[in-house]
């Protein structure tokens, strides 16, 4: 076993030239391999097959790096390294590869500027005044276009994300046009890096995977391109995706999985510097990811790699944000360094992740980037599992109910959710302490790619409820997410009551569709017409949230000052928000959630109140005017009122 501390002390390399640095006149290659005896550069004509051009010895240079320079134009040439240790020689893909050929088998030298779409130099990330202005829509690339009802020509691919004018058989907008119509500010795309579970040489088999099995972190997944054999194609097509979303006022968030790799002993990291890039537990690879290994962000060159890789995505592709898978596997210092580097590129960068791991992390508790340590990472947001489980029931117990679908006594959990897990004198008395320093650290959600869809969870937890009753539960859950402080997040299709049918005998719904076929995972666009009432409700909630900054406060002090909970009966939460600044059109907003199946009486402040959200409708237009005092709120519904 190598001495990691000694390696970091002696061989930490600060330079910015790791990997292939291209110019028309020459390309330099530098790889960090301090324990290697010999390193050679192999140049290939193509990304696969028997097409070796030449093998070039590399020279041991500073801080354990090996270096060579080739004085000719290598644009479009593929390469690998041969790294020798004693009697073993591994041919590996550069861990700093930026694009690659089919299945990522060989890295590629590329003039990235030649892949810029027209107008790329004028393209900019989406500007936010604060991250609580974001509304995030989580999407898998294939899901948008794979169903025939999408009317999208370029199925399964980056190109499918850019098509406009597409219609369902009912003549309703699909794809990019639908996302724009919905009103979200950001699309969160499930992993886009080169992953190992899809064979790009046989795409006609329509293989599906979420992509949480990374092979090369800074290379785009080839199966999403129109030509996985030519590494430049995926680069240009993804830039076109980002540009298309930006042109429609929508930011792009990348889901990144730096916590583990698809392979372990034969991963490119391990074959380049054995024993360095992963944490060990004795003589075994530690496995807090439950995927075979956990990467070691606390090792200086792994930390540097993560920062360099993320900065590449941010600079080269104008990415608007990053979501970190199993973020608690990473250490606090690394995440803070990442935030610092990314915010220097884009001050509006969204940075959030899962504040947990799948198993025990080989770090001290106070060093892991988990939810309980959010206060140590003020620029990082965390998924708020309090609101997820409080609203609809615990995610790991499918039949367990939450506030909207029948569980009694959940008022305090909902109040805690409303204040975005920040400190508030009226929220979560005697229960979980506030973990968020400010509302921008709380990503509020009740559905994501993991586990049951919201609609399926409501069906399993309330098997005797009618469709209309479950639709009411769904509306109430959505109303809580979109009126709570924090950053709202939703799974694509939630607005159309997305369901994932099971393919496993004995089950009706699929709670883990990571490798299920498109028939399970695709968005069924016929549901847009069938559940048009739900879609319109979501659109109305989003529009109302965007219009009223009182729902998007950032500082906990402002929330404490302006948001006051009222006394209510059981299974009801009600509160008022006084406008935080003079830009607000409404002086006061009053919000009521009634989870009882029957109507209830709630006393609100006197005066005339405009209704913007009720059990059936939501939006920015006044539905009716009611008089304050004691009012009646229908069962399983939200009521949002405003006073000018």
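The values are calculated or read from the model by the stated rules, or taken from the named source; none is laboratory data. Just so it is clear, the structure is predicted and the values come from calculations on it, not from any experiment. Backbone-built Cβ (ideal geometry, glycine too); neighbour counts: all protein chains shown.
Got a sec? Which of 329, 387, 351, 380 is more than 11 Å from residue 443 (Cβ to Cβ) and either touching a helix residue (DSSP H, G or I) at 6+ places or on another chain (Cβ under 9 Å) or in contact (Cβ under 8 Å) with a residue 60 or more places away in the chain (or both)?
It is 329.
Any residue in segment 181-190 that is part of a loop (DSSP other than H, G, I, E, B), crowded, with 22+ Cβ neighbours inside 10 Å and touching a strand residue (DSSP E or B) at 6+ places or on another chain (Cβ under 9 Å)?
The answer is yes; a qualifying residue exists.
Going by what's in this entry, would residue 63 be described as on the phi > 0 side of the Ramachandran plot and part of a helix (DSSP H, G or I)?
yes
Hey, could you check segment 553-565 for residues that are touching a strand residue (DSSP E or B) at 6+ places or on another chain (Cβ under 8 Å) and surrounded by 17 or more Cβ atoms within 10 Å (Cβ to Cβ) and say which is nearest to residue 601 (Cα to Cα)?
Checking each candidate, the answer is 565.
Give 385, 359 a once-over and let me know the one that is surrounded by fewer than 21 Cβ atoms within 10 Å (Cβ to Cβ), over 16 Å from the mean Cα position of the chain (by Cα) and either within 30 Å of residue 117 (Cα to Cα) or modelled with pLDDT of 95 or more (or both).
359
I'd like to verify a number: residues in segment 91-116 that are assigned to a loop (DSSP other than H, G, I, E, B) and closer than 18 Å to residue 30 by Cβ, how many? Talk me through it step by step, then tell me what you get.
Filtering segment 91-116 down to residues assigned to a loop (DSSP other than H, G, I, E, B) leaves 93-99, 101, 105-106, 109-111, 116.
Still in the running and closer than 18 Å to residue 30 by Cβ: 93-99, 106, 109-110.
Adding up the residues that qualify gives 10.
If you scan segment 299-355, which residues turn out to be at negative phi and in a loop (DSSP other than H, G, I, E, B)?
299, 319, 320, 325, 330, 346, 347, 348, 349, 354, 355
Among the listed residues 543, 550, 638, which satisfies the condition of being surrounded by 16 or more Cβ atoms within 10 Å (Cβ to Cβ) and in a strand (DSSP E or B)?
Just one listed residue meets the conditions, 638.
Being more than 19 Å from residue 420 (Cβ to Cβ), part of a loop (DSSP other than H, G, I, E, B) and touching a residue at least 24 places away in the same chain (Cβ under 8 Å) is the filter here; which residues of segment 125-162 pass it?
Correct list: 125, 126, 127, 140, 146, 147, 151, 154, 156, 157.
Look at segment 70-90 and say how many of its residues are part of a strand (DSSP E or B), within 25 Å of residue 25 (Cβ to Cβ) and more than 33 Å from the chain's Cα centre (by Cα).
Matching residues across segment 70-90 total 1.
Residues are listed down the side, and each one gets a yes or a no for (1) out of contact with any helix residue (DSSP H, G or I) (no Cβ under 7 Å at 6 or more places or on another chain); (2) modelled with pLDDT of 95 or more; (3) surrounded by 19 or more Cβ atoms within 10 Å (Cβ to Cβ); (4) not in a helix (DSSP H, G or I):
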{"position": "400", "(1), (2), (3), (4)": "no, yes, no, yes"}
{"position": "414", "(1), (2), (3), (4)": "no, yes, yes, no"}
{"position": "433", "(1), (2), (3), (4)": "yes, no, no, yes"}
{"position": "436", "(1), (2), (3), (4)": "no, yes, yes, yes"}
{"position": "443", "(1), (2), (3), (4)": "yes, yes, yes, yes"}
{"position": "463", "(1), (2), (3), (4)": "yes, yes, no, yes"}
{"position": "473", "(1), (2), (3), (4)": "no, yes, yes, no"}
{"position": "476", "(1), (2), (3), (4)": "no, yes, yes, no"}
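Would you say residue 93 is in contact (Cβ under 8 Å) with a residue 12 or more places away in the chain and either closer than 20 Å to residue 261 by Cβ or in contact with a strand residue (DSSP E or B) (Cβ under 6 Å, 6 or more places away or on another chain) (or both)? If you could, list the steps in order and put the result at the bottom.
On the way: in contact (Cβ under 8 Å) with a residue 12 or more places away in the chain: yes; either closer than 20 Å to residue 261 by Cβ or in contact with a strand residue (DSSP E or B) (Cβ under 6 Å, 6 or more places away or on another chain) (or both): yes.
When the stated conditions are applied, residue 93 passes them.
For segment 56-68, state whether one or more residues are surrounded by fewer than 18 Cβ atoms within 10 Å (Cβ to Cβ), touching a strand residue (DSSP E or B) at 6+ places or on another chain (Cβ under 8 Å) and within 17 Å of residue 110 (Cβ to Cβ).
no
Determine, yes or no, whether residue 597 is more than 20 Å from residue 481 (Cβ to Cβ), surrounded by fewer than 16 Cβ atoms within 10 Å (Cβ to Cβ), in contact with a helix residue (DSSP H, G or I) (Cβ under 9 Å, 6 or more places away or on another chain) and at pLDDT 95 or above. Give the steps one after another, and end with the answer.
On the way: more than 20 Å from residue 481 (Cβ to Cβ): yes; surrounded by fewer than 16 Cβ atoms within 10 Å (Cβ to Cβ): yes; in contact with a helix residue (DSSP H, G or I) (Cβ under 9 Å, 6 or more places away or on another chain): yes; at pLDDT 95 or above: yes.
So residue 597 passes the test.
Is it the case, given these coordinates, that residue 288 is touching a helix residue (DSSP H, G or I) at 6+ places or on another chain (Cβ under 6 Å), in a helix (DSSP H, G or I) and touching a residue at least 12 places away in the same chain (Cβ under 8 Å)?
no
Does segment 362-382 hold any residues that are part of a strand (DSSP E or B) and either closer than 19 Å to residue 494 by Cα or more than 17 Å from the chain's Cα centre (by Cα) (or both), and which are they?
368
Within segment 253-282, count every residue that is in contact (Cβ under 8 Å) with a residue 60 or more places away in the chain and within 17 Å of residue 211 (Cα to Cα).
Final tally of qualifying residues: 10.
Does segment 1-16 contain at least one residue that is over 28 Å from residue 286 (Cβ atoms), surrounded by 15 or more Cβ atoms within 10 Å (Cβ to Cβ), modelled with pLDDT of 95 or more and out of contact with any helix residue (DSSP H, G or I) (no Cβ under 6 Å at 6 or more places or on another chain)?
Start the filter on segment 1-16 by keeping residues that are over 28 Å from residue 286 (Cβ atoms), which leaves 15-16.
From the residues that got through so far, the ones that are surrounded by 15 or more Cβ atoms within 10 Å (Cβ to Cβ) too are none.
No, the conditions are met nowhere in segment 1-16.
Looking only at segment 263-285, which residues are buried (at least 21 other Cβ atoms within 10 Å of the Cβ) and assigned to a loop (DSSP other than H, G, I, E, B)?
267, 273, 276, 277, 279
Would you mention how many residues in segment 17-38 are farther than 15 Å from residue 78 by Cα and in contact with a helix residue (DSSP H, G or I) (Cβ under 9 Å, 6 or more places away or on another chain)?
Result for segment 17-38: 7.
Please go through segment 504-515 and pick out each residue that is under 16 Å from residue 456 (Cα atoms) and either assigned to a helix (DSSP H, G or I) or within 22 Å of the chain's Cα centre (by Cα) (or both).
Hits for segment 504-515 are 510, 511, 512, 513.
What are the residue pairs meeting all of these: first residue in segment 1-20, first residue touching a residue at least 60 places away in the same chain (Cβ under 8 Å), second residue surrounded by fewer than 11 Cβ atoms within 10 Å (Cβ to Cβ), Cβ atoms under 8 Å, and 6 or more apart or on different chains?
Close Cβ pairs (under 8 Å, with a partner that is surrounded by fewer than 11 Cβ atoms within 10 Å (Cβ to Cβ)) amount to 1/283.
Could you list, in sequence order, all residues of segment 419-431 that are modelled with pLDDT of 95 or more and closer than 17 Å to residue 382 by Cβ?
419, 420, 421, 422, 423, listed by residue number.
For residue 591, indicate whether it is in contact with a strand residue (DSSP E or B) (Cβ under 6 Å, 6 or more places away or on another chain), surrounded by fewer than 17 Cβ atoms within 10 Å (Cβ to Cβ) and outside any loop (DSSP other than H, G, I, E, B).
Spelling it out, it is not the case that residue 591 is in contact with a strand residue (DSSP E or B) (Cβ under 6 Å, 6 or more places away or on another chain), surrounded by fewer than 17 Cβ atoms within 10 Å (Cβ to Cβ) and outside any loop (DSSP other than H, G, I, E, B).
Which of (1) farther than 21 Å from residue 133 by Cβ; (2) surrounded by 20 or more Cβ atoms within 10 Å (Cβ to Cβ) is the odd one out, the single condition residue 606 does not satisfy?
All conditions are met except number (2).
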